[in-house]
Amino acid sequence: MKLGQVPLREIECAGDVVRATTPYILEYDEIAGLAQDISDTYRQLINPAARGLGPRRREANAESYTILGTDSELGRCHFVYDLEETRLAVEMSPEEATKLYRLLREQRIVVPDLELVRRKMSGNLAETVAAILWQIGAIKVSLGDLRPLFKVDDDRNFSPIYIDVKGLTNYPEVNDFVISSAALLVRNIAFDAVCGIEAGSISIAALLAHKFNRPMFFARKSRRYPEASPFEGAKRHEVFRKRVLMVDDTLVHGWTKARVVAALREWGAKVDACFVVFDRQEGGDEDLGRIGVRLCSLTNRDAALSPKIPREISFLTDAEFAEVTSYFRNPRVWHERRGLAFTDIRPPA
């Protein structure tokens, strides 16, 4: 059994111990395979000095393994069989325990809990939506040590944070809350149709259009051949002089949206508003403003990094918070500090 196969809940890191629970009773051979994979993962990603596992020690409903180094013991893995679940605990140095916690966090069983968010924080709508995105893992963070940094700016630069709301439909309660909140935000905007952008925002645009009983179509990311239409789901005459609300999942610079706005206006449409779920606040609203488009965002990076969102919801570590805030403070300096080349991105001609 591989570590990546195991769904986990109740993940916590307390000093030099990482604890988690899987809602399954694992078999003896599965535990042995899991212990081995924890050891292998530890050696590959955390401490290359690890040499393997010591012999298994079994007591009643529990068993444990020692993670061995060349000359000393580096850690221990403990497994306890309960009536309807299996609990695991791994002991290692505090710094290494934090890294293991960050790995296990990727496998947490996501149970959207809007009531928990309401109970644990008293933020505004933007902060509440951001908390929910953290809760379902739509906001991802990497320090580059355990997982690669994220590529941004057409893969020319790096980032420690990535926002991926394409999985919203996997969580119906959350999806309904986000779309309903979006509807409240854009209710005073006059529009005749909704235009999404391939591919991340198609479901968001469709559901938002359904809320207002408006037609919806989407802009293609690129044309497959020169004569191809830039839009799918609408003909040129159906868009002529229509007020179109542009919808996308995230906003960075706004240049893709500017291209779509230009194509819509070429077809005779009127475009003066754009809705996004998440604004990274990296100048995209100014880019849209220069072409006469007003931005409406449901949440943004300030809300996502608000102190009102408890770590119990975001699962963010202190090191990750510091890294993300450092990046947003000055991406160029952040790249230089990491020894990475930074490309000054400019809008396409």
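The values are calculated or read from the model by the stated rules, or taken from the named source; none is laboratory data. If you're wondering where the values come from, they're calculated on a predicted model, not measured in any experiment. Reconstructed Cβ throughout: ideal geometry from the backbone, glycine too, with neighbour counts over all protein chains shown.
So that you can scan it fast, the table gives a plain yes or no per residue for (1) closer than 20 Å to Leu185 by Cβ; (2) surrounded by fewer than 21 Cβ atoms within 10 Å (Cβ to Cβ):
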| site | (1), (2) |
| --- | --- |
| Pro230 | no, yes |
| Lys235 | no, yes |
| Thr256 | no, yes |
| Ala263 | no, yes |
| Gly268 | no, yes |
| Phe278 | yes, no |
| Leu288 | yes, no |
| Cys296 | yes, yes |
| Thr299 | yes, no |
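Take Leu168 and tell me if it is surrounded by 15 or more Cβ atoms within 10 Å (Cβ to Cβ) and within 30 Å of Ser39 (Cβ to Cβ).
On the way: surrounded by 15 or more Cβ atoms within 10 Å (Cβ to Cβ): yes; within 30 Å of Ser39 (Cβ to Cβ): no.
No, not satisfied.
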ask   = Of all residues in the range 209-244 being touching a Gly at 6+ places or on another chain (Cβ under 9 Å) and among the hydrophobic types (A, V, I, L, M, F, W, C), which is nearest to Asp176 (Cα to Cα)?
value = Ala209
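Residues being under 30 Å from Ala206 (Cβ atoms) and either part of a helix (DSSP H, G or I) or under 13 Å from the mean Cα position of the chain (by Cα) (or both): count how many of those fall in the range 132-176.
Narrowing the range 132-176 to residues under 30 Å from Ala206 (Cβ atoms): 132-141, 150-155, 159, 161-176.
Okay, now just the ones that are also either part of a helix (DSSP H, G or I) or under 13 Å from the mean Cα position of the chain (by Cα) (or both), so 132-141, 150, 159, 161-170, 172-176.
Result for the range 132-176: 27.
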key: Members of the range 11-33 that are among the charged types (D, E, K, R), out of contact with any strand residue (DSSP E or B) (no Cβ under 6 Å at 6 or more places or on another chain) and crowded, with 16+ Cβ neighbours inside 10 Å   = Glu30
Which numbered condition Phe321 misses (of (1) aromatic (Phe, Trp, Tyr); (2) free of Cβ contacts under 8 Å to residues at least 40 places away in the same chain; (3) surrounded by 21 or more Cβ atoms within 10 Å (Cβ to Cβ)) = (3)
inquiry  = Please go through (1) closer than 27 Å to Thr325 by Cβ; (2) assigned to a loop (DSSP other than H, G, I, E, B) for Thr256 and return the number of the only condition it doesn't satisfy.
reply    = (2)
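State yes or no: is Ala206 in contact (Cβ under 8 Å) with a residue 60 or more places away in the chain, part of a helix (DSSP H, G or I) and either within 29 Å of the chain's Cα centre (by Cα) or surrounded by fewer than 20 Cβ atoms within 10 Å (Cβ to Cβ) (or both)?
Details: in contact (Cβ under 8 Å) with a residue 60 or more places away in the chain: no; part of a helix (DSSP H, G or I): yes; either within 29 Å of the chain's Cα centre (by Cα) or surrounded by fewer than 20 Cβ atoms within 10 Å (Cβ to Cβ) (or both): yes.
Against the criterion (in contact (Cβ under 8 Å) with a residue 60 or more places away in the chain, part of a helix (DSSP H, G or I) and either within 29 Å of the chain's Cα centre (by Cα) or surrounded by fewer than 20 Cβ atoms within 10 Å (Cβ to Cβ) (or both)), Ala206 does not qualify.
When residues of the range 171-195 are filtered for being of a type in the set (Gly, Ala, Ser), touching a Lys or Arg at 6+ places or on another chain (Cβ under 7 Å) and surrounded by 13 or more Cβ atoms within 10 Å (Cβ to Cβ), how many remain?
First, the residues of the range 171-195 that are of a type in the set (Gly, Ala, Ser): 180-183, 190, 193.
Of the ones still in play, those that are also touching a Lys or Arg at 6+ places or on another chain (Cβ under 7 Å) are 183, 190, 193.
Retained after the next criterion (residues that are surrounded by 13 or more Cβ atoms within 10 Å (Cβ to Cβ)): 183, 193.
The number of residues fulfilling the criteria is 2.
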ask   = Pick from Leu104, Leu88, Leu146, Leu116: which is at pLDDT 95 or above, within 22 Å of Cys13 (Cα to Cα) and in contact with a helix residue (DSSP H, G or I) (Cβ under 9 Å, 6 or more places away or on another chain)?
value = Leu88
inquiry  = Six or more apart or on different chains, Cβ atoms under 6 Å: show the pairs whose first residue is in the range 274-287 and in the same structural domain as Ala206 (by TED's automatic domain parsing) and on the phi > 0 side of the Ramachandran plot and whose second is in a helix (DSSP H, G or I) and modelled with pLDDT of 90 or more.
reply    = Gln281/Arg301
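Which one is surrounded by the fewest Cβ atoms within 10 Å (Cβ to Cβ) among residues in the range 34-71 that are part of a loop (DSSP other than H, G, I, E, B) and of a type in the set (S, T, N, Q)? Show your work before the answer.
Here is the first cut: in the range 34-71, the residues part of a loop (DSSP other than H, G, I, E, B) are 47-51, 54-56, 60-61, 69-71.
Narrowing further to those that are of a type in the set (S, T, N, Q): 47, 61, 70.
Values: Asn47: 17, Asn61: 11, Thr70: 8.
For the range 34-71, the residue satisfying everything is Thr70.
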ask   = Is it the case that some residue within the range 2-10 is touching a residue at least 40 places away in the same chain (Cβ under 8 Å), surrounded by 17 or more Cβ atoms within 10 Å (Cβ to Cβ) and either touching a strand residue (DSSP E or B) at 6+ places or on another chain (Cβ under 7 Å) or more than 12 Å from Leu100 (Cβ to Cβ) (or both)?
value = yes
note = (1) within 17 Å of the chain's Cα centre (by Cα); (2) of a type in the set (Phe, Trp, Tyr); (3) at pLDDT below 95 all hold for Trp255 apart from (1)
note = Leu184 meets each of (1) within 18 Å of the chain's Cα centre (by Cα); (2) more than 30 Å from Ala341 (Cα to Cα) with one exception, condition (1)
